[in-house]
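Encoded as structure tokens, the structure appears first; notes follow it.
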Amino acid sequence: MTTSLDSGLSVRGLRKSYGGRTVLAGVDFAVAAGELVVLLGTNGSGKSTALRCVIGLTEPDGGEITLRGKSLKGLSGTELARSRRTAAMVFQQIHLVRRRSALDNVCAGGLAGLPLSRSLAPALFPRELREHAMACLDRVGLADRAHDRAGRLSGGQQQRVAVARALCQGAKVLLADEPVSALDPAAATQVMALLAELAHRDGLAVAAVLHQPELARRHADRVLGLLGGEIRLSCRGTTLSDSDIEALYAPDRVEEA
Amino acid sequence: MTATERPRRPVPARARKPLYVAVAVIAVVLGAAHVLAWQATEVSPGALVDGWRGMARFLGEALPPDLDWDEVVQPGLEACLTTLAIGLLGTTLSVPGALVLAVLGTRGRHPVVYQLSRSVMSFLRAVPDVVFALVFVTAVGLGPFAGVLALVCHNVGVMGKLWSEAVDEIDSGPADALRVSGAGAVQVLANAVLPAVVPSLVGLLLYRFDVNVRSSLVLGLVGAGGVEFLINQSIQLFEFDQMATYILMVLVLVVAVDLLSAAVRRRLSD
Ligand SMILES: Nc1ncnc2c1ncn2[C@@H]1O[C@H](COP(=O)(O)OP(=O)(O)OP(=O)(O)O)[C@@H](O)[C@H]1O
Ligand SMILES: [Mg+2]
């Protein structure tokens with residue numbers, strides 16, 4: 001898969017402060033279609049805030065976000081919503097509706113394209129959507145659990161259902177905020193391998209926040225480090241060194257040394 | 001002995017000493033409150049002991065219960081159905097009002113709307129259902145209908161508050177997840193918020209049905225009909241054995257409703 005910036009995500013000069021405290025002081029980064037980029041940084045360094053600004057859960061103070069070559073600047077209303085829909089997000093807390101089946105949860109990713117009358121309950125979802133959702137579940141390896149309640153699945157399986165929901169949305173840019181922080185090592189590897197595959201084989205632009213440098217080394221095409229509200233580290237996953245990590249997580253100690 | 005062999009360490013002194021004075025003050029205040037309450041309610045164990053004969057006579061007349069079918073049991077059963085019906089309608093008819101107030105009274109509303117709806121609910125909760133019953137009796141006359149209206153008013157306040165709290169407590173994560181996928185407000189409500197809250201809303205509804213059946217018993221006393229009306233009547237006519245029958249019926253009714261709603265709530269909360 002060739003990587004292309006025009007069909008990925010690009011963020012320029014993203015700024016955000018809370019009550020006078022600057023969290024993002026001009027963040028620049030890009031994620032091309034076909035690559036998996038991992039975002040590292042200490043607790044509170046603003047990784048979640050950056051992703052939330054892209055997806056629209058947080059209003060940034062400034063900066064420009066471009067999705068698939070189209071800038072969100074100046075867009076509003078339905079036009080903004082339509083452009084944003086090309087990006088999807090999965091969360092550490094997974095956020096599935098626990099009482100509904102895995103399949104119904106995946107279908108919910110496709111709500112935006114449905115008329116209201118067909119979207120009020122799973123029984124009303126059109127057959128086409130259910131079959132597409134089934135294909136998405138199959139993509140994450142859970143076709144056989146379609147009718148199980150989401151709450152009954154293991155954490156790793158739930159996170160894969162959440163990824164399938166993002167696929168059902170038709171997302172070309174996938175954001176993942178600590179998708180594996182609550183998973184055991186085997187499930188974490190499985191989910192990271194899935195994200196890498198979605199980038200490399202299906203050509204999605206994937207940006208994942210992680211707290212495990214090991215996983216970043218193993219799965220990421222590129223690693224970005226967020227420190228002091230800016231991107232201070234950018235390297236290939238395979239070349240991520242221990243001193244890079246040291247500098248990112250304990251800058252004071254490195255400066256003192 | 002192992003106790004002497006276990007490792008030990010001196011406990012370091014706490015930075016903040018326990019508030020002995022505060023504990024003592026609270027104890028004195030609580031004690032005084034109980035003394036005053038004792039006097040205010042004219043508690044007198046002597047009177048209770050001296051009067052045991054009266055109680056015994058009363059209970060003797062009540063036992064055995066009068067199980068005459070035509071005179072007592074059949075009217076009693078009919079009245080129980082009336083009581084149940086008052087409780088049922090009092091609960092069901094309050095659903096729309098409670099829903100509106102609950103939705104307006106959840107966090108995130110405009111502060112004025114939020115406060116207004118909270119105040120209306122507080123008012124409806126503060127006025128006892130018996131008072132509502134008296135008010136409605138003056139409008140529609142004695143009978144079960146006044147009881148239904150009274151329960152509806154009181155229950156709208158209580159259930160609205162319980163429901164709005166249940167809605168406030170749910171995790172907003174699944175709703176956020178759908179919102180960022182482009183789903184509209186109604187779609188988010190139907191596919192993320194409702195599936196999460198409906199079980200607890202239904203559970204609370206059943207709990208209120210249980211409470212309302214018991215309240216409708218009390219409303220019988222103000223002429224709203226039902227089995228408690230018969231109990232009141234039999235007391236006034238000194239037919240204590242009939243009263244005993246009705247009380248047994250009430251007991252069975254209350255326990256049955258309680259068991260039913262508890263069973264359904266257990267199924268819902270798996
Ligand atoms: N809604 C908010 N209101 C006020 N401050 C906030 C809000 N959201 C985040 N912050 C602050 O912004 C800073 C960055 O938070 P953010 O959640 O983006 O960090 P993070 O890098 O994701 O950390 P973690 O690794 O713990 O998830 C933190 O100091 C946090 O307290
Ligand atoms: Mg975070």
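Nothing in this text is a laboratory measurement; each read-out follows from the coordinates by a stated rule. Remember, it's a predicted structure, so these values are computed and weren't measured experimentally. Because the Cβ atoms are built from the backbone with ideal geometry, glycine has one as well, and the counts that use them run over all protein chains shown.
Couplings 3J(HN,Hα) for the stretch A:100-108, derived from phi with the Karplus relation 6.51 cos²θ - 1.76 cosθ + 1.60 (θ = phi - 60°), are 9, 5, 4, 4, 4, 5, 5, 4, 4 Hz, where x marks Gly and Pro.
Given R0 = 41 Å, the distance between the Cβ atoms of B:Ala27 and B:Ala262 translates into a calculated FRET efficiency of 0.60.
Note on B:Lys161: aspartates and glutamates with a C-alpha under 13 Å away, same-chain residues under 8 apart excluded, are B:Glu169. Residue-wise HN-Hα couplings along the stretch B:244-250, as the Karplus relation 6.51 cos²θ - 1.76 cosθ + 1.60 with θ = phi - 60° gives them from phi, are 4, 4, 4, 5, 4, 4, 4 Hz; Gly and Pro carry x. Averaged over the residues of A:160-166, the number of partner chain Cβ atoms lying within 10 Å of the residue Cβ comes to 1. Which residue fluctuates the most in chain B, going by a Gaussian network model with Cα springs under 10 Å, if the choices are B:Val252, B:Val180, B:Val137? Looking only at B:Val252, B:Val180, B:Val137, the biggest GNM fluctuation is shown by B:Val180.
Computed from point charges on the beta carbon alone (+1 for Lys and Arg, -1 for Asp and Glu), the dipole magnitude for the stretch B:1-89 about its Cα centre is near 1700 Debye.
Per residue of peptide A:121-130, the mean number of Cβ atoms on other chains within 10 Å of the residue Cβ is 1.
With a Förster radius of 60 Å applied to the beta-carbon distance between A:Glu128 and A:Asn43, the computed FRET efficiency rounds to 0.90. Restricting to the protein assembly as shown, compute how many DSSP beta bridges are antiparallel as a %, nearest 5. Percentage antiparallel, nearest 5: 55. Looking at the stretch B:107-190, which trypsin sites (Lys or Arg not before Pro) are in a loop (DSSP not H, G, I, E or B) and have at most 15 other Cβ atoms within 10 Å? Here the sparse-neighbourhood loop sites are B:Arg107.
Using θ = phi - 60° in the Karplus curve 6.51 cos²θ - 1.76 cosθ + 1.60, the 3J(HN,Hα) couplings for the stretch A:58-67 round to 10, 8, x, 7, x, x, 10, 10, 10, 10 Hz; x is entered for Gly and Pro.
Among B:Arg214, B:Arg53, a tally of other beta-carbon atoms within 10 Å of each Cβ gives an order, fewest to most, of B:Arg53, B:Arg214. Comparing A:Val31, A:Val209, A:Val23 in a Gaussian network model of chain A, where Cα atoms under 10 Å apart are tied by springs, the biggest mean-square fluctuation is seen for A:Val23.
Judged by the gyration tensor of its Cα atoms, with axes a ≥ b ≥ c, chain B is oblate; a/c meets the 1.5 cut and b/c is at least as large as a/b. Computed over the alpha-carbon pairs of the stretch A:99-171, the distance histogram in 10 Å steps reads 23, 57, 19, 1 percent, short to long. Between B:Thr41 and B:Val254, the simple label model (points 7 Å from Cα in the Cβ direction) yields a spacing of 1.8 nm.
The angle between the Cα long axis of helix A:155-168 and the main principal axis of chain A comes to about 80°, on a 0 to 90 degree scale. Taking B:Ile26, B:Ile86, B:Ile235 in turn, the Gaussian network model of chain B (Cα-Cα springs below 10 Å) assigns the largest fluctuation to B:Ile26.
FRET efficiency for the B:Leu189 to A:Thr239 pair, using the beta carbon distance and R₀ = 56 Å, is estimated at 0.70.
Seen through its C-alpha gyration tensor, with square-root eigenvalues sorted a ≥ b ≥ c, the stretch B:1-160 comes out oblate because a/c lies at 1.5 or above while a/b is not bigger than b/c.
A Stokes-Einstein calculation at 37 °C with viscosity 0.692 mPa s, built on the Kirkwood radius of the protein assembly as shown over Cα pairs, returns a diffusion coefficient of 115 µm²/s. Modelled this way, with points 7 Å down the Cα-to-C-beta line, the labels at B:Val140 and A:Ala121 are 3.0 nm from one another.
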